[in-house]
1. Looking at segment 1-41, which of the residues that are at pLDDT below 90 and touching a helix residue (DSSP H, G or I) at 6+ places or on another chain (Cβ under 8 Å) is nearest to Gly109 (Cα to Cα)?
2. I'd like to check something: does segment 42-62 contain any residue that is out of contact with any helix residue (DSSP H, G or I) (no Cβ under 6 Å at 6 or more places or on another chain), within 17 Å of Ala5 (Cα to Cα) and not basic (Lys, Arg)?
3. Test Ala82 against the criterion of being touching a His at 6+ places or on another chain (Cβ under 7 Å) and within 17 Å of Gly128 (Cβ to Cβ), and give yes or no.
4. Determine whether Thr69 is within 11 Å of the chain's Cα centre (by Cα), modelled with pLDDT of 85 or more and among the hydroxyl-bearing types (Ser, Thr, Tyr).
5. Could you count how many residues in segment 120-136 are surrounded by fewer than 15 Cβ atoms within 10 Å (Cβ to Cβ) and under 13 Å from Asp81 (Cβ atoms)?
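The values are calculated or read from the model by the stated rules, or taken from the named source; none is laboratory data. This is a predicted model, so every value here is computed, not measured. Quick reminder, even Gly has a Cβ in these numbers, built from the backbone with ideal geometry, and neighbours come from all protein chains shown.
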Amino acid sequence: MPDYAGFWARAAAFVLDAVIVSVILVPLLVLGFGLREVSLDPAEQWWDLIVLVAIAAAVIGFWRYCGATPGKLALGLRIVDAKSGQPPTTGRLVVRLLAYFVSAPFYLGFLWIAIDRRKQGWHDKIAGTVVINSED
């Protein structure tokens, strides 16, 4: 039976990832574009969409080629296919990322990890993935 990664390990990995993104992204935005105020004008929100797409592409890239984001890697966690234990396909990883929108309201899909027998969030269940403690 796989050694499923629990809620607190996954939460810590998420915090590490958020810190890494902030440490990299914020200085790049300030250096590249200067300080700017947040606007609710749709015509000025194109940059926010570009940043979101870039982060999504980076996350999927890390999942696909490293098996996890940097935060998960630092804690020895890895995303695998729930049935085979092998690396998930890119399509499955895209579904996993999109399924975060299902897990996000009130964090219920993420909190589910704490009570699920295989420690799956709703996004994992939808995508058919599990997060395990890696032996590597």
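1. First, the residues of segment 1-41 that are at pLDDT below 90: 1, 21-22, 24-41.
With touching a helix residue (DSSP H, G or I) at 6+ places or on another chain (Cβ under 8 Å) added as a condition, the list becomes 21, 25, 29, 33.
Working: Val21: 22, Leu25: 27, Leu29: 31, Phe33: 35 Å.
Looking at residues that are at pLDDT below 90 and touching a helix residue (DSSP H, G or I) at 6+ places or on another chain (Cβ under 8 Å), I get Val21.
2. no
3. Values: touching a His at 6+ places or on another chain (Cβ under 7 Å): no; within 17 Å of Gly128 (Cβ to Cβ): yes.
Here the answer is no, as Ala82 does not meet what is asked.
4. So Thr69 passes the test.
5. 0
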